2 protein chains.
Amino acid sequence: MSEVVNKATLAKETTGVLASLTTGQKNEALLVMAEALRREAQAIIAANGEDLERGRLAGTPESMLDRLALDVGRINSIAEGLQQIAVLPDPIGDTLETINRPNGLSIEKIRVPLGVIGIIYEARPNVTVDAAGLCLKTGNAVVLRGGSSALSSNRKIVEVLHTALAQTAVPPGALQLIEDPNRSSVDEMLKLNGLLDVIIPRGGSSLIQNVVLNATVPVIETGAGICHTYLDASARPDMAEQISLNAKAQRPSVCNSMETLLVHRDYAVQYLPSLAESFRTASVELRGCPETVALVPWALPVTAEDYATEYNDYILNVRIVSGLDEALRHIAEFSTKHSECIVTEETEHAARFLQEVDAAAVYHNASTRFTDGFEFGFGAEIGISTQKLHARGPMGLPALTSCKYKIYGSGQIRS
Amino acid sequence: MSEVVNKATLAKETTGVLASLTTGQKNEALLVMAEALRREAQAIIAANGEDLERGRLAGTPESMLDRLALDVGRINSIAEGLQQIAVLPDPIGDTLETINRPNGLSIEKIRVPLGVIGIIYEARPNVTVDAAGLCLKTGNAVVLRGGSSALSSNRKIVEVLHTALAQTAVPPGALQLIEDPNRSSVDEMLKLNGLLDVIIPRGGSSLIQNVVLNATVPVIETGAGICHTYLDASARPDMAEQISLNAKAQRPSVCNSMETLLVHRDYAVQYLPSLAESFRTASVELRGCPETVALVPWALPVTAEDYATEYNDYILNVRIVSGLDEALRHIAEFSTKHSECIVTEETEHAARFLQEVDAAAVYHNASTRFTDGFEFGFGAEIGISTQKLHARGPMGLPALTSCKYKIYGSGQIRS
């Protein structure tokens, strides 16, 4: 039996116990896990040192080493994450619907765990703890497959968490780490129907595309964000500038940041030159349509490929449009259906935009950067779903649950 | 451009209009469609005759020809199905959640259509109309790929519906039929990410498995049901007999019928011989464990493979167990997580069974045959989901919807 099948089987064997744990038992386990991480911080940092050393020898760029690196501060904040999950309401066992049928059948729709969740991710060891905590809180077993560059860190972290769970009501087998660094272990997980109930990829677009295109296990797709902001003719210039600067430059590396600014011609003629200056001050490179370049001579010419690119960087496409209809057409063509915004003072335009744009989150007069589980008040975020099944947009704890119908009868049969 | 890409593109082009239709417009279209089917019944029956003729020449079994055959009565009942969909509440536009954030952002979670739904099915032409009606009511475009043996019928039906829709607010392009009878057109649909938002297979297990194992588009899996009924020691004999006979023999060909009866030893010793007689009277073949065969000498010996078989026929496995724990273990091993039942007078046993069995529908003292959208009071049924993502169990109209967050701001930016 391969490591993947073996560990997924062990995880599945714990699902019955997990589904029946009380909220108190789960929260207690989360706190014990947090405590253990803090206590074993030095051992985890030592293991992390091995990963960093290997990374340096392999010539890994500093920015990636930084994402991999753990210190006491980071471990404390990871432990704090578990404590925050402990105080969130437990969705498991909630009654979602009650149906009383004329034949006397009483039907209750109850929230239950998904079962076994596979998480496939890259080199951030914080995901190991975060995913374990979110899955545990929702009564799910989890099979983790992190990037091989973080293997020593992940192995130590999971060892610490296993020791911690052994003192609690949660079976340690509920948390499994795939250690096989070969790509084949990922491929095996993707086809593990019957043992894994769902796979959630967390990482860059090539990781996500590999999962989406090859998995036979159901997937929750997360990720790609080509987000637009449309400045309507009636947009208030101060608000328009603040929102578009925030959407682009506050943190360009994330999926809810803006890649293309669409500007109504009337607005552009009056305000685009000064808005462009503000972007220049914020170190943002502009790529514009011919009309934009006419107004902002230092902007580079934009290409159709640029409109279809998620830069995650200090680069912004700017296109001048004749009005709402052209903006809607552009968005329909290039949007990845993540987050889209209109800045306008015209209520009717806002209503049309929010109705007609097909995206997880549609904004009137606010930055697309708010598409986030914490900003929505969910208290947690598993990721941002860019598909339409099961969950769409920021996913809180309920995204890690399923449901079940309990039917109470007194001898009813079907005629 | 292939037929599949061409028609899926045409379908997708209608999604904006579809999402904005009023409930009245959609209901009106459903009634116009129903009326057109009745009016054109003879033309549809003539086209159906071509399919039947081809089927007879190809030596298709009578039972399959019967599923394919249309007459005035069947067309009337198909038309009536559309009228029933028209009176159901429209889920689109429902506000699912309202969140007011401390920073003044107001977030509304709204129910929206999925977009374009692909339906892959076999030789029943009623599915063509049914799927079209359910998708239209939920504001979705639909790409239908029916079995080639029903092609003439489906082509005529879709022609009639297109003519009908041309008189309504619904763009006829919202309904597309793939006519290419080759398997390659199915394969192409399965990989049509970006044009299809979801695929729902309807049919036998080989069709469903092909879709599940090869689709990169998200799938809602429907189908397989290896359902169990467990008769506990305290089961009332009259109720136990009625429920188990109903679960097996009222309509054995469907997914919510029972395949294996688990019987507590104490119950079996007293009542199994007479229960077995009732099954014999109902023409049900029994395959029993050794203890069963000792009590019911005419029963055939059961095999492990039998326990894993969905017969959809007048055949029943019978296994005697030592109690609830053994019953739970058997179900965990062989269940397809569709519908499972306990017959008992002990409330605690019922509670444990309903909690611990991992299935879409878990019953206390009622036949598993009730797992059905109409029996649950949903007024419609797209199918019965046997997966845990998005929808589980009988799927009513909400299973054909997604959601979207509308966020209303007044200039908020993220700090």
Candidate set from the range A:124-156 (those that are assigned to a helix (DSSP H, G or I) and among the basic types (Lys, Arg)); member that is farthest from A:Ile44 (Cα to Cα): A:Lys137
Only one of (1) within 14 Å of chain A (Cβ to nearest Cβ); (2) surrounded by 14 or more Cβ atoms within 10 Å (Cβ to Cβ) does not apply to B:Gly55, and that is (1)
I need the full set of residues from the range A:272-298 which are of a type in the set (A, V, I, L, M) and in a strand (DSSP E or B), in order please. A:Leu286
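Restricting attention to the range B:15-40, which residues are open to solvent by less than 10 Å² (accessible area, probe 1.4 Å) and either of a type in the set (Gly, Ala, Ser) or within 14 Å of chain A (Cβ to nearest Cβ) (or both)?
Residues satisfying the conditions are B:Leu18, B:Ala29, B:Ala34, B:Ala36.
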For the structure I just gave you, tell me whether A:Ala360 is more than 9 Å from chain B (Cβ to nearest Cβ), farther than 17 Å from A:Ile199 by Cα and either open to solvent by less than 10 Å² (accessible area, probe 1.4 Å) or at pLDDT 95 or above (or both). no
Quickly run through the range B:314-336 and pick out the residues that are facing chain A (nearest Cβ under 9 Å) and either over 25 Å from the mean Cα position of the chain (by Cα) or under 17 Å from A:Tyr405 (Cβ atoms) (or both). B:Leu328
Name, by its number, the condition in (1) closer than 23 Å to B:Ser244 by Cβ; (2) surrounded by fewer than 22 Cβ atoms within 10 Å (Cβ to Cβ); (3) more than 7 Å from chain A (Cβ to nearest Cβ) that does not hold for B:Gln355. (3)
What are the pairs, 6+ residues apart or on separate chains, where a residue within the range B:83-98 that is over 15 Å from B:Gly139 (Cβ atoms) has its Cβ under 8 Å from a residue that is hydrophobic (A, V, I, L, M, F, W, C) and at pLDDT 95 or above? B:Gln83/B:Leu30; B:Gln83/B:Leu31; B:Gln83/B:Ala34; B:Thr95/B:Ile110; B:Leu96/B:Ile110; B:Leu96/B:Cys403; B:Glu97/B:Ile107; B:Thr98/B:Ile107
Going by the conditions given, is B:Arg111 assigned to a helix (DSSP H, G or I) and modelled with pLDDT of 95 or more? no
Take the residues of the range A:347-390 that are in contact with a Gly (Cβ under 7 Å, 6 or more places away or on another chain) and hydrophobic (A, V, I, L, M, F, W, C): which is farthest from B:Leu21 (Cα to Cα)? A:Ala380
Would the range A:32-47 turn up any residue that is in contact with a Lys or Arg (Cβ under 8 Å, 6 or more places away or on another chain), part of a helix (DSSP H, G or I) and closer than 20 Å to A:Leu400 by Cα? no
Scan the range B:200-247 residue by residue and report those that are free of Cβ contacts under 8 Å to residues at least 40 places away in the same chain, touching a helix residue (DSSP H, G or I) at 6+ places or on another chain (Cβ under 8 Å) and not hydrophobic (A, V, I, L, M, F, W, C). B:Asn210, B:Asn214, B:Thr216, B:Pro237, B:Glu241
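State the number of residues belonging to the range B:180-205 that are touching a strand residue (DSSP E or B) at 6+ places or on another chain (Cβ under 9 Å) and charged (D, E, K, R). Outline the logic, then answer.
Initial filter on the range B:180-205 (touching a strand residue (DSSP E or B) at 6+ places or on another chain (Cβ under 9 Å)): B:180, B:185-186, B:189-190, B:192, B:195-203.
Keeping just the survivors that are charged (D, E, K, R) gives B:180, B:197, B:202.
Final tally of qualifying residues: 3.
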Out of the residues in the range A:130-150 meeting the condition of being closer than 21 Å to A:Arg54 by Cβ and of a type outside the set (Ser, Thr, Tyr), tell me which one is modelled with the lowest pLDDT. A:Gly147
Given (1) open to solvent by 10 Å² or more (accessible area, probe 1.4 Å); (2) closer than 30 Å to A:Asp94 by Cβ; (3) more than 7 Å from every other protein chain (Cβ to nearest Cβ), number of the condition A:Gly409 does not satisfy: (3)
Residue under evaluation B:Asn100, criteria (1) more than 25 Å from the chain's Cα centre (by Cα); (2) closer than 15 Å to B:Leu37 by Cα, criterion not met: (2)
Restrict the check to the range B:363-374 and report whether at least one residue is basic (Lys, Arg), within 7 Å of chain A (Cβ to nearest Cβ) and touching a Pro at 6+ places or on another chain (Cβ under 9 Å). no
Taking the range A:245-271 and keeping residues more than 18 Å from A:Ser283 (Cβ to Cβ) and within 11 Å of chain B (Cβ to nearest Cβ) leaves A:Asn256
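Look at the range A:225-244 and say how many of its residues are under 23 Å from the mean Cα position of the chain (by Cα) and either more than 12 Å from A:Tyr311 (Cα to Cα) or among the β-branched types (Val, Ile, Thr) (or both). Let's see the steps before the verdict.
Of all residues in the range A:225-244, those under 23 Å from the mean Cα position of the chain (by Cα) come to A:225-229, A:243-244.
Checking which are either more than 12 Å from A:Tyr311 (Cα to Cα) or among the β-branched types (Val, Ile, Thr) (or both) leaves us with A:226, A:228-229, A:243-244.
Summing the residues that are under 23 Å from the mean Cα position of the chain (by Cα) and either more than 12 Å from A:Tyr311 (Cα to Cα) or among the β-branched types (Val, Ile, Thr) (or both) in the range A:225-244 gives 5.
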Say we look at the range A:226-271 and pick out the residues that are of a type in the set (Lys, Arg) and outside any loop (DSSP other than H, G, I, E, B); which of these is surrounded by the fewest Cβ atoms within 10 Å (Cβ to Cβ)? A:Arg265
Restricting attention to the range A:116-154, which residues are within 14 Å of chain B (Cβ to nearest Cβ) and surrounded by fewer than 22 Cβ atoms within 10 Å (Cβ to Cβ)? none
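Between B:Leu207, B:Leu165, which is closer than 25 Å to A:Glu188 by Cα and either among the basic types (Lys, Arg) or more than 14 Å from chain A (Cβ to nearest Cβ) (or both)?
Every option except B:Leu207 fails the conditions.
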Could you list, in sequence order, the residues of the range A:272-289 that are in contact with a strand residue (DSSP E or B) (Cβ under 7 Å, 6 or more places away or on another chain) and either surrounded by fewer than 17 Cβ atoms within 10 Å (Cβ to Cβ) or on the phi > 0 side of the Ramachandran plot (or both)? A:Glu285
What is the number of the single condition among (1) under 17 Å from B:Glu3 (Cβ atoms); (2) among the charged types (D, E, K, R); (3) buried (at least 23 other Cβ atoms within 10 Å of the Cβ) that B:Asp197 does not meet? (1)
In the range B:381-406, residue farthest from the other protein chains (Cβ to nearest Cβ) [restricted to those that are touching a helix residue (DSSP H, G or I) at 6+ places or on another chain (Cβ under 6 Å) and farther than 21 Å from A:Thr401 by Cα]: B:Ile382
When only residues in the range A:169-204 that are more than 20 Å from A:Thr15 (Cα to Cα), part of a loop (DSSP other than H, G, I, E, B) and touching a Gly at 6+ places or on another chain (Cβ under 9 Å) count, which is farthest from the other protein chains (Cβ to nearest Cβ)? A:Pro181
The conditions are (1) of a type in the set (D, E, K, R); (2) facing chain A (nearest Cβ under 7 Å); (3) touching a Phe, Trp or Tyr at 6+ places or on another chain (Cβ under 8 Å), and B:Glu340 fails exactly one of them. Which is it? (2)
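The values are calculated or read from the model by the stated rules, or taken from the named source; none is laboratory data. Quantities reported herein were computed from a predicted structural model and do not represent experimental measurements. All Cβ positions, even for glycine, are placed from backbone atoms using ideal geometry, and neighbour counts span all protein chains on display. These area figures cover heavy atoms from the full protein model, side chains too; ligands, DNA and RNA do not enter into them. Shrake-Rupley method; radii C 1.70, N 1.55, O 1.52, S 1.80 Å.
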